[in-house]
Amino acid sequence: MSTSPDTVTDGGSLEHIPELIDRDPQEAARRLREHLGGDPLDAKGYRLLAQALAAIEQRANSRGELRTFVRGADPLLNQAAAALAKKDLETAEVVLRKRLLERPAEPVALFLMGRLAHELDFDDEAEDLLWLAIELAPDFFPARFALASALDGHGRHAEVVSLMDEALTNDPGQELASFIKAAALGRAGRFDESLALYERLIATSGNNPKLWLNYGLILKTKGRSDDGLRAMRQAVEVDSHAGEAWWNLSNLKTVKFGAEDISAMTEAIEDEGLGEDDRLHIHFALGKAFEDSGDTDQAFGHYAKANQLRRIRLNHDPDDISKEVAASTRFFTREFFEKHAGQGCPAPDPIFIVGMPRSGSTLVEQILASHPAIEGTTELPDIGFLAKKLGRRHGDYFGKLSALSADAIEDLGEEYLARTRPHRVEGRIRFIDKMPNNWVHVPLIHLILPNSKIIDARRHPLATGFSNFKQHYARGQAFSYDLGWMGRYYADYVRMMAHVEEVLPGRVHRVIHERLVEDTEAEIRRMLDYLGLPFDDACLRFYETERAVRTPSSEQVRRPISREGLEAWRKFDPWLTPLKEALGPVLDAYPDAPDFQSV
């Protein structure tokens, strides 16, 4: 699928289409239809086509008649919606393209095309299409909610709040808009506002388990663990089949399920009418329950079933990341970085913590965020956004990197700082970006922010692998639902970081989790030396630091360091053969990296 929104098929430019509409709307419509035939996700093109059609008095497509259509039925769009539901994206595209070339300003069609763009991973195009649908029909809530989901996925939580405020202006009783707003307020760090809104919603809809769960999660994030636990318990009291609530209770790590809990969850998964999402969540929770009770056979069985249910819904190919790492190690050479030395944004503000999820990165963040010079934020999506902007997913990423001027490289670093500035609310001179998957972007980080600091948080590969296998993620981390995929991903991560060490010696500081647990002060001093900051005793008392922690390790980092959990994976060693085989020499070499030249 082509996505070139600035050109039309016969070589003209969209910039000249408005004047052509005034002069010859028939020709403008012809050119736009040709353009949209090759680029069906271009919202600007649909806007101009609607103007052209209106100019030649095809008023059936004008905004005035759209509101009637929103409330009506269209067999063609029903067909497209059914195809989208079945993930038949090819059929959906063909049907939607046909409808939009006839009626380019129909909000439902634009909404569905936006959903299609999102499924195809064209997020910018999806956003443009959804904005256009909302502009044409401000009270068409499905498009507004879909856009909120897209913005939320990119960390643009303040925009989600504004979007929901507009919906509530149009319909103050729109409960879903209030619910989405409360969640966005929490993700934006406005926890008190979020809690207040959840409490108002609970007062009128207290039989909604999702409300109680989300309320409990914000309480937990704020450090009000007991209140959060009570709220989550209320969620399963309201509905014992609420799988996400059971899972989040188990994910508190401090909760031990009793016989009554296990019985209630077992009864729920035996219900044939239980939804698949609830089922996989409860399997994860039962895995934790049986692990705590020492029944490793049943525990692993439930973990395996949960992962299987999730895995069959994923479109993950472990070769993709392996190919990307191979391409990166060929492109980002010592000579490349020597050529660009002295370029990029010189700001030293960011501290990136990268590595595998479940590798101890939250502990490292909590320790460093206890230092008076460092602010902890969260897992920020902005480096990934910039990589995607350069064409990482759909385009010539390395070609674009090669063509960047020194000014453009500096601008990218400045853009990162601007995008992350809303998360810096404490005014400290340094801040942490704890997106673990940024390991794949370390060369880009160095290019655009050469004075930033990068910490690689690493944990034993079997401990990391099994910890991920029993963890369910709200989004992303598709590699974690199969032990073989997990080993491949970990090995690719080690390969990339070994290459960075080869071409940029000393650029990244590595923290081995087991060493941090065994000799905490020495490892903290090493980190602070690398960061160029003086030692502060508060880093040793990190568990006293009051701050929001949004990861699954939130309760663990509010307690002193313990060796508990270091060897938990060993009880499951008999089932970890696929993980070991996929890790290959990376497992034997830990905590070092193998010689990849000889592998």
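Rule-based calculations on the coordinates, nothing more; no lab input. Given the structure is predicted, the values throughout are model-derived calculations rather than measurements. Using ideal geometry, Cβ is built from the backbone for each residue, glycine included, and neighbour counts are taken over all protein chains shown.
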Please label the shape of segment 318-589 as rounded, prolate or oblate, based on the square roots a ≥ b ≥ c of the eigenvalues of the alpha-carbon gyration tensor (a/c under 1.5 means rounded; beyond that, a/b larger than b/c means prolate, else oblate).
oblate
Considering only C-alpha atoms, what is the centroid distance from segment 183-248 to segment 485-534, in Å?
36 Å
Can you give me the relative contact order of the chain as a percent, contacts being Cα pairs under 8 Å and 6 or more apart?
10 percent
What is the local net charge at LEU76, summed over the other residues whose Cβ is closer than 12 Å to its Cβ (Lys, Arg +1; Asp, Glu -1)?
+1
Contact order relative to length of segment 263-340, as percent, for alpha carbon pairs under 8 angstrom and 6 or more apart:
22 percent
Give me the number: length gained by fully extending GLU90 to ASP22, i.e. 0.36 nm times residue separation minus the C-alpha to C-alpha distance, one decimal in nm.
21.0 nm
Taking amide H positions as placed in the peptide plane 1.01 Å from N, state which residues far from ASP482 in sequence (5 or more) or on other chains have amide H under 5 Å from it.
none
For LEU540 and ASP192, what is the calculated FRET efficiency with R₀ set at 35 Å and r taken between the beta-carbons, to the nearest 0.05?
0.75
Proximal lysines to LYS571, defined as alpha-carbon separation beneath 21 angstrom and excluding residues fewer than eight positions away on the same chain:
LYS253, LYS256, LYS288, LYS305, LYS470, LYS580
For the chain, calculated [θ]222 nm from helices alone, where every DSSP H run of n ≥ 4 adds -39500 (n - 2.57)
-18000 deg cm²/dmol
So how do ASP226, ASP88, ASP482 line up by other beta-carbon neighbours within 10 Å, fewest first?
ASP226, ASP88, ASP482
May I ask for the net charge around GLU19, where only other residues with Cβ less than 14 Å from the Cβ of GLU19 are counted and Lys, Arg are +1 while Asp, Glu are -1?
-2
Ranked on Cβ counts within 10 Å of their own Cβ, fewest leading, SER562, SER467 go SER562, SER467
Taking neighbour Cβ counts within 10 Å as the exposure measure, how do TRP439, TRP575 sort from fewest upward?
TRP575, TRP439
Sites removed, the longest contiguous part of the chain containing no DSSP-loop trypsin sites (Lys or Arg not before Pro) with at most 16 other Cβ within 10 Å is 88-223
In Å³ and rounded to a whole number, note down the convex hull volume per residue for the Cα atoms of the chain.
164 Å³
In the chain, with Lys and Arg counted as +1 and Asp and Glu as -1 at Cβ, which of these residues, ALA143, ALA478, TRP569, has the Cα nearest the positive end of the dipole, that is, farthest along it?
TRP569
